[in-house]
1. Using the basic label-point model (7 angstrom from Cα toward the beta carbon), what is the A382 to N475 distance in nanometres?
2. Ignoring everything except DSSP H segments at least 4 long, calculate the 222 nm mean residue ellipticity for the chain; use -39,500 (n - 2.57) per segment, divide by total residues, nearest 500.
3. Could you tell me which of the pairs K79/K404; K210/K273; K438/K460; K446/K500; K273/K570 are separated by over 23 angstrom between their Cα atoms in the structure shown?
4. Figure the gain on full extension for T548 and V133 (residue separation times 0.36 nm, minus the Cα-Cα span) and round it to one decimal in nm.
5. Contour minus end-to-end for Y317 and Y540, with contour as 0.36 nm per residue of separation and end-to-end as the Cα-Cα distance?
6. Under a point-charge model restricted to the Cβ atoms of Lys and Arg (+1) and Asp and Glu (-1), what is the dipole moment magnitude of the stretch 471-519 relative to its Cα centre, in debye to the nearest 20?
7. Given R₀ = 22 Å, FRET efficiency for A238-Y199 by Cβ-Cβ distance, to 0.05?
8. How far is helix 428-440 tilted off the main Cα axis of the chain, in degrees rounded to 10, range 0 to 90?
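The values are calculated or read from the model by the stated rules, or taken from the named source; none is laboratory data. What you see is a predicted model, and the numbers here were worked out from it, not measured in a lab. Reconstructed Cβ throughout: ideal geometry from the backbone, glycine too, with neighbour counts over all protein chains shown. These area figures cover heavy atoms from the full protein model, side chains too; ligands, DNA and RNA do not enter into them. Shrake-Rupley method; radii C 1.70, N 1.55, O 1.52, S 1.80 Å.
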Amino acid sequence: MQDIGFCLILSGILCVLFTRLKIPTIAAFLVAGVLVGPEVGGFVTDKGNIETIASLGLTLLLLVIGLEMDVKKLLESGKTLILSGLLQFPLCVAFGYAVTLALRSTGWSMVSGTYVPIYVGFTVAASSTLLVVKLLQEKYQMDTVVGRVGLGILIFQDIWSIVVLAVQPNFQNPEMGTVGLTFLGIGIVLLTSILLAKYVLPTAFKWIAKTPELMLVVATGWCFGLGAFGANLEHILALIGIHLHLSVTMEMGALIAGATIAGLPYAHEVVTKVAVVRDFFVTLFFVGLGMGIPRPESIDILIWAAILGAICVLARYVVFFPLMYFTGLDRRNAFVGATKLAQISEFCLVIAYLGLGFDHLESRMVSAVIFGFVITALGTPALFVVADTLHDRLGSLLSLLGFKIPPVIHASASEEESPEVVLLGFHRVASSLLHEIKRTRPEMLKRMLVIDFNVALHAKISATGARVKYGDISNTESLHHLGIDQAQVIICTIQDDVLKGTSNTQLARNLRHLNPTAMIIVNAVTLDSVPSMYRAGANYVYLARIETATALVPAIEAGLGGQESLESYKRGQEAARGVISSREEALP
């Protein structure tokens, strides 16, 4: 307990400092582990305590990862995501393997281990779920094309990582029979967990539903119980006369436990309770990893860490980007998505850590993987910022290599009339706006143009009756070419947090220059930004939060009149606007 206390004290201090310096907090946990560990501070020297802390954190971290896996999303993801998700991981493993073999030909001792090439492949094949999701949430990009595709690929990577964890114990003895027994063991644990999750756990959670604090206790009990069942599977089967060499690691059991709970009706409550202590689990694991980092014996470890980071980033442009592009994603979103996934995954740290325990890797190789993770983690926020700019600067080179932007579809002569209304960008608000126009003013759709570079949505937009064309709304030449200088009303509903390469203020200024007579409507995020937008040339500026608040006041007033009053208000709204769940929008 004292050792854990030292870990948490230093982690807390460093988290505050790292957050202030805008450095990922996972790096703070690793540094805290280094400082309290035997190599530097010496506050924690017992190797058994270090391994216990890391193992506990790893088991609970995998429970959380299992809880947050949403396999249903994969079934709704379409060709681009499914093909990219299935092929990306093995292709990246092959890429990393090949690069390592090339480096081995130089005689460098850092890449001389038997299993080093395959572990390098694993290291560069997966991206960091924790970092990517955190930054997507902070930048309000979860519902963008890049956000949805990125999350889907991360889920596929988690599934591939599960496969790696399953076969990892058999790397030294890769006979099909041994590997088959491993998957048989996982299958038994999975089947057992599914049956218990279907017939036992719902009743158990129902009994404790009125005492929510017990949700965490039961969830962690289920995690370690299923893990212990898998770890002792051989002995359990021997009791009923089945003698097979079967065992499933505690970590795999925890992952399965989390995934099976995720499908329960009480999953949301369980996830909420576990999320409260999720950071505690993550802290223990990464601090434990940091304590296990040996003092760098030579500069080679840091050089290899930098090379690992470079191979990881290079793999995003050699594998990720072409895959997403050729499976249907437009060039910009494919390039930007690949760039934002350019970091080593925390799951790779798990794989490397277990590889050390299986004697597949030396400690210096694990240290290099950890340092490589830190390097790419520190660079991830910057990559999020420069992704679009980098695409624009490399546009000519990408076109030369065969990665073309979608061609502008020229409409027929009857359709080439100048648009009266132009909608710049297409996201949630624009989707609802288009639905409202179709419902109340369908004749307007014939003279309406939507400009957006998400070609995946163009068919759905066209189905509403509006015209849609590919274009970068931050590029004034593109806007001019698309005839925006003839529009009567121009609207941008995309907030500055999501816009790339421009802002609503800059848009208003550019649009006023292109079309001096148009009525320009833009949106603001903060109150103090509104005056600058009017000065830039906007005719009307709205704030989504004010529009939402205005719409909620009548509902609150109806609610004060009681349930019947609120139900009456609801029926009136549905009569006027339709039932919300029945709206058929381009973006659900």
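1. Rounded to a tenth, the inter-label distance reads 2.7 nm.
2. Details: 27 runs with 377 residues, N = 588.
Computed ellipticity for the chain at 222 nm equals -20500 deg cm²/dmol.
3. On the way: K79/K404 20 Å; K210/K273 14 Å; K438/K460 13 Å; K446/K500 28 Å; K273/K570 32 Å.
Correct reply: K446/K500; K273/K570.
4. Details: separation 415, 0.36 × 415 = 149.40 nm, distance 2.63 nm.
Length gained between T548 and V133: 146.8 nm.
5. Working: separation 223, 0.36 × 223 = 80.28 nm, distance 4.16 nm.
Between Y317 and Y540, full extension yields 76.1 nm more.
6. Details: 3 positive and 5 negative charges, 24 e Å.
With Lys and Arg at +1 and Asp and Glu at -1, about 120 debye.
7. Working: r = 25 Å, r/R0 = 1.16.
After rounding to 0.05, the efficiency reads 0.30.
8. Roughly 40 degrees between the two axes.
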